[in-house]
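*Asks:* So that we are looking at the same thing, I have put the structure below in structure tokens.
The values are calculated or read from the model by the stated rules, or taken from the named source; none is laboratory data. Please read all numbers here as calculations on a predicted model, not as lab measurements. Quick reminder, even Gly has a Cβ in these numbers, built from the backbone with ideal geometry, and neighbours come from all protein chains shown. In case anyone asks, the SASA skips ligands and DNA or RNA and just uses the protein heavy atoms, side chains included. Shrake-Rupley method; radii C 1.70, N 1.55, O 1.52, S 1.80 Å.
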Amino acid sequence: MITLASDFGSPYPAAMRGVICRRSGARLVDVTHDLPRGAVRESAFWLRETLPTFPPATHLAVVDPGVGTDRGVLVGRANGHAFVGPDNGLLVPAARRIADDDGVDWFHADPGDPASSTFHGRDVFAPLAATVHDVVRSRGIGALDAHERLSPADPTTVDLPEATVEAGDASGEVLAVDDFGNVVTNVPGTFLDGRETVTVNGDRVPAVETFASVAPGDPLVTVGSHGYVECDVNRGRGDERFGLGAGDAVRIA
């Protein structure tokens, strides 16, 4: 299986799928092609929350504002999974979570001579993912060590920071905003244990378990499926109500 994720929207992912289909009989699964455009850290968060739900696969992900520059081409392996994408930190958090305590092996790949300087998803990463998938399927994931296009690498990383929590006060930031406008902070959900209301940057709102615990249009905080505190609105957009976006500071008290 090869999973595909990008910020390409449409129709560019179809070209990636076409390249892979010409080179491999792998089953293709689209994770999403609506990752935040050019936002490596926010996209890395979503991949960290999504890719570990899959069985062992080759994961191809491209959010690549450095396309056409000298940024590296990265391949990784961890716990039976392989990873292919730009060396900008995009895949590192997901690989580390999948690896658990086993660690991740990283490699740089020779990009060859791509036909385009603006579409490495099609010309570099798609053919590389097909190759990695077929090597792993036929010879095992350990065979990546000996592949002639790969050399050991120290990857570029991105920082998904942890909140500072002290007694009744948590200082953190927004990791991501989803398509519903739900604001995902890095404050651990356990901070809400036993609390009926909190303040978000000074704005007092109820702390509840479900959206429907408040009236439509009303704000709330709750614990999302990822285990972090979210700032939301029942049937509305939390990002607009709270005035928050990815990377913004947030204090919950």
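*Asks:* Within segment 196-209, can you find the residues that are open to solvent by 50 Å² or more (accessible area, probe 1.4 Å) and closer than 16 Å to GLY224 by Cα?
*Replies:* GLU209 - this is the single residue of segment 196-209 that is open to solvent by 50 Å² or more (accessible area, probe 1.4 Å) and closer than 16 Å to GLY224 by Cα.
*Asks:* Return the only residue of ALA130, ALA167 being more than 20 Å from ARG96 (Cα to Cα) and either surrounded by 15 or more Cβ atoms within 10 Å (Cβ to Cβ) or touching a residue at least 60 places away in the same chain (Cβ under 8 Å) (or both).
*Replies:* Every option except ALA130 fails the conditions.
*Asks:* Surrounded by 15 or more Cβ atoms within 10 Å (Cβ to Cβ), free of Cβ contacts under 8 Å to residues at least 24 places away in the same chain and of a type in the set (A, V, I, L, M, F, W, C), is that true of VAL84?
*Replies:* Working: surrounded by 15 or more Cβ atoms within 10 Å (Cβ to Cβ): yes; free of Cβ contacts under 8 Å to residues at least 24 places away in the same chain: no; of a type in the set (A, V, I, L, M, F, W, C): yes.
No; evaluated as a whole, the condition is false for this residue.
*Asks:* Only one of ARG71, ARG48 is of a type in the set (D, E, K, R) and more than 12 Å from the chain's Cα centre (by Cα); which?
*Replies:* ARG71
*Asks:* I'd like to check something: does segment 136-149 contain any residue that is more than 25 Å from GLY18 (Cβ to Cβ), in contact (Cβ under 8 Å) with a residue 60 or more places away in the chain and surrounded by fewer than 21 Cβ atoms within 10 Å (Cβ to Cβ)?
*Replies:* yes
*Asks:* Keeping to segment 113-127, report how many residues are buried (at least 23 other Cβ atoms within 10 Å of the Cβ) and within 15 Å of ARG27 (Cα to Cα).
*Replies:* Final tally of qualifying residues: 1.
*Asks:* Also, I was wondering about something else. Mind checking whether some residue in segment 222-244 is buried (at least 18 other Cβ atoms within 10 Å of the Cβ) and among the basic types (Lys, Arg)?
*Replies:* yes
*Asks:* Can you find even one residue in segment 178-200 that is part of a loop (DSSP other than H, G, I, E, B) and of a type in the set (Phe, Trp, Tyr)? It would help to see each step written out before you state the result.
*Replies:* Within segment 178-200, the subset part of a loop (DSSP other than H, G, I, E, B) is 178-182, 193-196.
Of the ones still in play, those that are also of a type in the set (Phe, Trp, Tyr) are 180.
Yes: one or more hits.
*Asks:* Something else: Residues of segment 44-65 being buried (at least 17 other Cβ atoms within 10 Å of the Cβ) and assigned to a loop (DSSP other than H, G, I, E, B), which ones?
*Replies:* ALA57, VAL63, ASP64
*Asks:* Do we have ASP179 as within 30 Å of PRO111 (Cβ to Cβ), in contact (Cβ under 8 Å) with a residue 12 or more places away in the chain and surrounded by fewer than 13 Cβ atoms within 10 Å (Cβ to Cβ) here?
*Replies:* Taking the combined requirement at face value, the residue does not satisfy it.
*Asks:* What number of residues within segment 10-43 satisfy the criterion of being of a type in the set (A, V, I, L, M, F, W, C), touching a strand residue (DSSP E or B) at 6+ places or on another chain (Cβ under 9 Å) and either farther than 25 Å from ASP159 by Cβ or not in a loop (DSSP other than H, G, I, E, B) (or both)?
*Replies:* Summing the residues that are of a type in the set (A, V, I, L, M, F, W, C), touching a strand residue (DSSP E or B) at 6+ places or on another chain (Cβ under 9 Å) and either farther than 25 Å from ASP159 by Cβ or not in a loop (DSSP other than H, G, I, E, B) (or both) in segment 10-43 gives 8.
*Asks:* Another one. Restricting attention to segment 30-42, does a residue exist that is small (Gly, Ala, Ser) and either modelled with pLDDT under 95 or more than 23 Å from ALA246 (Cβ to Cβ) (or both)?
*Replies:* Taking segment 30-42 first, the residues small (Gly, Ala, Ser) are 38-39.
From the residues that got through so far, the ones that are either modelled with pLDDT under 95 or more than 23 Å from ALA246 (Cβ to Cβ) (or both) too are none.
Among the residues of segment 30-42, not one is small (Gly, Ala, Ser) and either modelled with pLDDT under 95 or more than 23 Å from ALA246 (Cβ to Cβ) (or both), which makes the answer no.
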